[in-house]
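Here's the structure, in structure tokens; my notes come after.
The values are calculated or read from the model by the stated rules, or taken from the named source; none is laboratory data. What you see is a predicted model; the values in this text were computed from it and never measured. Glycine also receives a Cβ, built like all others from the backbone with ideal geometry; neighbour counts cover every protein chain displayed. Surface accessibility is based on the protein's heavy atoms, side chains included, excluding ligands, DNA and RNA. Shrake-Rupley method; radii C 1.70, N 1.55, O 1.52, S 1.80 Å.
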Amino acid sequence: VHVLSLTINQSNSGSSSVTACDDYTWDGVVYTQSGSYTNVYTNVNGCDSVHVLTLTINNSSTSTSSATACDTYTWNGTTYTSSGTYTWVGTNAAGCDSTATLTLTINSSSTSTSTVTACDDYTWDGVVYTQSGSYTNVYTNVNGCDSVHVLSLTINQSSSGSSSVTACN
């Protein structure tokens, strides 16, 4: 008679789901692609312990753009007043980093003034002015920005008079 005293140890299994940006390290291995990955360990009873990882990799995004503006430019909530290259880091729809780079050119508007004194009237850009005052015309400069010209005009009125003269010889 032989008596067998038998102990059966059970294997076990587990699973987990992970979402990561760009890559994920699991047990020293770096994964860059979404998929299902399996690792086999030894449990406390000496049996296999199978773990399945369902991995979703979302990617960060980058973009570049350029813009030209007059005087100021507002981009992602920040107003810029000088030309340069600017970077903004936010979050894309997948929850990962979104890095945007803007190459910005700021052109300036210009302002100039003229002072003119004229008799009776003055014609400026096809408009006849008969009163003294400050007048403004807006043009477009070579950069496509406003060029404001202010005319400080003084109109002096001609005068007339009459004289009665009596003379001898």
Largest first and to the nearest Å, give the Cα extent of the chain along each principal axis.
177, 20, 20
Please compute the length gained on full extension between T7 and T68, using 0.36 nm multiplied by the number of residues separating them and subtracting their Cα-Cα distance.
14.1 nm
Segment 73-114 to segment 134-161: how many Å between their Cα centroids?
34 Å
Taking only protein heavy atoms and a 1.4 Å probe, the highest-to-lowest accessible-area order of V40, V29 is V40, V29
Quick one: accessible area per residue over segment 1-153, 1.4 Å probe, rounded to a whole number of Å²?
65 Å²
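For the chain, with only Lys/Arg (+1) and Asp/Glu (-1) charged at the beta-carbon, what is the dipole magnitude about the Cα centre, in debye rounded to 20?
100 debye
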1/(1 + (r/R0)^6) with r = Cβ-Cβ of Y86 and S60, R0 = 25 Å, i.e. FRET efficiency to nearest 0.05, evaluates to 0.85
Carbon and sulfur together cover what percent of the accessible area of segment 53-169 at a 1.4 Å probe radius?
45 percent
Projected label distance in nm at V150 and V52, using a 7 Å step from Cα toward the beta-carbon
7.7 nm
Over the chain, what is the relative contact order in whole percent, taking alpha-carbon pairs under 8 Å and six or more residues apart?
16 percent
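Where the convex hull is taken over the Cα atoms of segment 94-169, what is its projected area averaged over directions, in nm²?
Working: hull surface 41.7 nm².
Its average projected convex-hull area is 10.4 nm².
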Take the Cα pairs of segment 59-99, get the Kirkwood Rh, then feed it into Stokes-Einstein at 20 °C and 1.002 mPa s and tell me D in µm²/s.
185 µm²/s
